[in-house]
Every structure is written in C-alpha cells, then in structure tokens.
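Data first, discussion second: the structure below is written as structure tokens.
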Amino acid sequence: MPDEHPMSGSLFMVVAPSGAGKSTLVNALLAQDSEIKLSISYTTRPPRSKEKDGREYHFATVEDFRARHKQGEFLEWAEVHGNYYGTSRLAIAEQMQAGTDVLLEIDWQGAQQVKKQFPHAVGIFILPPSIAALEDRLKKRGQDEPQVITRRILAAGGEIAHASEFEYVIINQEFDSALSALTAIVKATRCRFSQQAVRNASLFAQLGIHANLS
C-alpha cells in the first residue's frame, strides 16, 4: 500500500548484520516505549528455543509463504541465509492509520522495498564495533552451528556495505549509549512537522497552521 495519504503513525526500519545486537536493542526500546509496536514478520526459519509462533514471528512453511507472496500479502519479503522473511502489508497500514508507530526488524533488501512504498519510513542501521566483536557475539549467543556462524560473518561485509543507504547509523559498542541513540531517533521523528500536523490536526487548525500533507 503506497504512502499516498497522511498516516499519524511513523514507520521505523531497523537493519543490522546478524550478531550486531539489533534484536536486543529493539526489545529494550519496546519495553520502555508503549507507543511503538514491533511488526511480526512471517518466516520459514525454524523457531529457536523460547520463540513462540505469533510473538517473535509467524512461522510458516515454504508452501504457505509462497502462496501469501503470490497473493500480494507482503509489503516486503526477502530470502536471508536460506530462509524467507516477509511483512504483512495490511497489518502495517492498519496500525499506522490508527496512530501506532510501527517498527520493522528487516534486512537491507526488505528496507529498499519498503522505502519504495513508504518513502517517509525511517531507516536505522546498527553496526558492530568490529567484525571480531560480531563474530564473538555470534559465538556467545550459542544459537548457530559453526558453519552457520561462518556463513553469517561472510555475509556481514556485504550487508554492512548498504549502511550508507540509511538515514541513521548507530554503532553498538556500548549498549546503553546505543539504546539512547535509538530512543532519540524515535522521539525526533515524532516531532516532525508532518507527524505533528496529523496527530494534532485540531490544534493546528485552531492556531491557523495550514499543512499540505497530500
């Protein structure tokens, strides 16, 4: 659904190579900010320990995912490390129209697709302090086999090369500082004239402020 009409909710895209700490930062942001919601993506990736269907992801078979894609249900989709990931177009539009800020945890390919349909979406790229730190984090989280870690490290360079395509870049060297930066970006976005004009339309009218948001 193209970004043709003003929506009172903002759309954030957080992208990072595997192991950069993206999910930890996003979870911390969601825990402290009730006005932003995480979009639950569809994926064909097998659930990790403690993950539940409908919470972290909607887990789907390859056949189901392809059927949904064929029906045009996805705002964006991508194949990452041999698994499919996709974002529901309808769910995003409904939440934003209702005034909810929505956050997408996606890869750079998905972010490019979203930008074409929602040009005002805010792109945030999370960088590790070094490739060595990235590898160390992947090993310590204990979720992947050694060959999978090697594949993720090899892919990281290509993913990081797309950081220049994003409005904001956060280097996740110290967690609290990185979280503060992420929080600041969200708060600043809410203060954009276009967002304030939609959220506070009656006040703007009373004050004689005219906003052309078409």
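Test each condition in (1) in contact (Cβ under 8 Å) with a residue 60 or more places away in the chain; (2) more than 12 Å from the chain's Cα centre (by Cα); (3) more than 23 Å from Glu159 (Cα to Cα) for Ile92 and report the one that comes out false. Among (1) in contact (Cβ under 8 Å) with a residue 60 or more places away in the chain; (2) more than 12 Å from the chain's Cα centre (by Cα); (3) more than 23 Å from Glu159 (Cα to Cα), the lone unmet condition for Ile92 is (2). In this entry, Ala31 is excluded by the filter for residues that are in contact (Cβ under 8 Å) with a residue 60 or more places away in the chain and either among the small types (Gly, Ala, Ser) or out of contact with any Asp or Glu (no Cβ under 7 Å at 6 or more places or on another chain) (or both).
Scanning the stretch 160-174 for residues that are surrounded by 12 or more Cβ atoms within 10 Å (Cβ to Cβ) and assigned to a helix (DSSP H, G or I) yields a total of 3. Contact map, the stretch 143-155: first residue without any contact (Cβ under 8 Å) to a residue 24 or more places away in the chain and surrounded by 14 or more Cβ atoms within 10 Å (Cβ to Cβ), second residue in a helix (DSSP H, G or I) and of a type in the set (A, V, I, L, M), Cβ cut-off under 6 Å, separation 6 or more or different chains; pairs are Ile149/Leu138.
Put simply, of Glu167, Glu135, Glu76, Glu63 the only residue that is touching a Gly at 6+ places or on another chain (Cβ under 8 Å), modelled with pLDDT of 95 or more and among the charged types (D, E, K, R) is Glu167. Among the residues of the stretch 156-187, those that are of a type in the set (D, E, K, R) and without any contact (Cβ under 8 Å) to a residue 40 or more places away in the chain comprise Glu174, Asp176, Lys187.
Every residue, every condition in (1) over 26 Å from Ser34 (Cα atoms); (2) assigned to a helix (DSSP H, G or I); (3) not aromatic (Phe, Trp, Tyr), yes or no:
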{"site": "Pro129", "(1), (2), (3)": "yes, no, yes"}
{"site": "Ala133", "(1), (2), (3)": "yes, yes, yes"}
{"site": "Arg137", "(1), (2), (3)": "yes, yes, yes"}
{"site": "Val148", "(1), (2), (3)": "yes, yes, yes"}
{"site": "Ala155", "(1), (2), (3)": "yes, yes, yes"}
{"site": "Gly158", "(1), (2), (3)": "yes, yes, yes"}
{"site": "Asp176", "(1), (2), (3)": "no, yes, yes"}
{"site": "Leu179", "(1), (2), (3)": "no, yes, yes"}
{"site": "Thr183", "(1), (2), (3)": "no, yes, yes"}
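Selection of the stretch 158-214 for residues being touching a Pro at 6+ places or on another chain (Cβ under 7 Å) and under 30 Å from Val80 (Cα atoms) yields Glu159, Ile160, Ile171, Asn172, Gln173. Are any residues in the stretch 87-110 in contact with a Ser or Thr (Cβ under 6 Å, 6 or more places away or on another chain) and part of a strand (DSSP E or B), and if so, which ones? Correct list: Thr87, Asp101, Val102, Leu104.
The values are calculated or read from the model by the stated rules, or taken from the named source; none is laboratory data. Remember, predicted model here, so these are calculated numbers, not experimental data. Ideal geometry is used to build each Cβ from the backbone, glycine not excepted, and the neighbour counts take in all protein chains shown.
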